[in-house]
1. Can you tell me which residue among GLU108, GLU75 is at pLDDT below 90, of a type outside the set (Lys, Arg) and in contact with a helix residue (DSSP H, G or I) (Cβ under 9 Å, 6 or more places away or on another chain)?
2. Please find, within the stretch 56-107, the residue that is surrounded by the most Cβ atoms within 10 Å (Cβ to Cβ) out of those that are of a type in the set (D, E, K, R), over 12 Å from the mean Cα position of the chain (by Cα) and farther than 21 Å from THR127 by Cα.
3. Can you list residue pairs whose Cβ atoms sit under 9 Å apart, with the first residue in the stretch 147-172 being over 13 Å from ILE120 (Cβ atoms) and the second being outside any strand (DSSP E or B) and modelled with pLDDT of 80 or more? Count only pairs 6 or more apart in sequence or on different chains.
4. Going through GLY46, GLY40, GLY70, GLY85 one at a time, which residue ends up being at pLDDT 95 or above and either basic (Lys, Arg) or at negative phi (or both)?
5. Go through the stretch 52-108 and count every residue that is in a helix (DSSP H, G or I), aliphatic (A, V, I, L, M) and free of Cβ contacts under 8 Å to residues at least 12 places away in the same chain.
Amino acid sequence: MDRSITTALAVALVLIPSQASAYHDEKHRLIDYSAHALNGGELRLGLFEQNLGVHRYVQIGTETLPWVAGVFLREVTPNANLKLGLLRTGVLDLSLRGAIYYANVAAENARGSGGGDLWIVPVSLYTSTRLLPWLSVHTEVTYAWLSAGAKVDVDRLSVRGTGLSSSLQLGVMLEARVNEVLAVTLRGRMQPYLAPTVVRSRSSESDS
């Protein structure tokens with residue numbers, strides 16, 4: 001596909017206004033950083049994320065910016081996410097969200113070339129509690145796993161390596177709803193745990 005056409009499609013996708021998150025009532029709640037999700041058959045085309053409600057308890061989606069950035073940086077970052085509703089009562093909701101991101105990076109200079117693969121897999125548990133008809137609190141526990149692998153060829157030396165790391169993040173958000181289209185949110189995050197990065201490598205020398 002012509003690059004100008006690809007760019008135009010990407011920009012058009014970003015500029016499409018949000019549909020499902022344009023209003024909030026008893027059936028349609030804030031779905032970002034919360035346990036709430038789209039209802040079955042609902043579609044959200046937003047600036048930062050596209051989502052589809054497959055079922056009352058199943059939502060799938062993808063984030064926009066990694067795709068759009070790839071158009072300009074020539075390195076696309078495919079990504080997808082899945083949210084499963086574990087409990088939906090309206091007063092207390094509980095959901096599990098998993099996502100996956102992949103990036104491939106290549107580099108080359110006069111002495112050699114190299115490239116690597118990067119995988120990031122965060123898994124989040126969300127709770128949403130309605131304290132008052134206009135006030136809700138949302139909590140988040142996220143465990144993120146990162147894996148990076150690379151190969152670098154410099155002159156006659158070839159080096160391969162992998163790196164593994166993980167982290168635990170906690171989040172809380174207060175949502176004060178003014179009306180069906182306006183809410184004030186206050187969100188905070190902390191990272192109480194970050195695993196040391198484990199790196200494994202091996203090298204070999206080419207005869208050529």
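The values are calculated or read from the model by the stated rules, or taken from the named source; none is laboratory data. Note that this is a predicted model, so its numbers are computed, not measured. Cβ: placed from backbone, ideal geometry, glycine included. Neighbour counts: every protein chain shown.
1. On the way: GLU108 fails: in contact with a helix residue (DSSP H, G or I) (Cβ under 9 Å, 6 or more places away or on another chain).
Criteria check complete, one pass: GLU75.
2. This residue is GLU75.
3. Short answer, once both residue conditions are applied: LEU168/ALA195; GLY171/TYR33.
4. Numbers: GLY46 fails: at pLDDT 95 or above; GLY40 fails: at pLDDT 95 or above; GLY70 fails: at pLDDT 95 or above.
None of the others qualify; the one that does is GLY85.
5. Taking the stretch 52-108 and keeping what is in a helix (DSSP H, G or I), we get 64-73.
Of the ones still in play, those that are also aliphatic (A, V, I, L, M) are 65, 68-69, 71, 73.
Narrowing further to those that are free of Cβ contacts under 8 Å to residues at least 12 places away in the same chain: 69, 73.
So the answer is 2.
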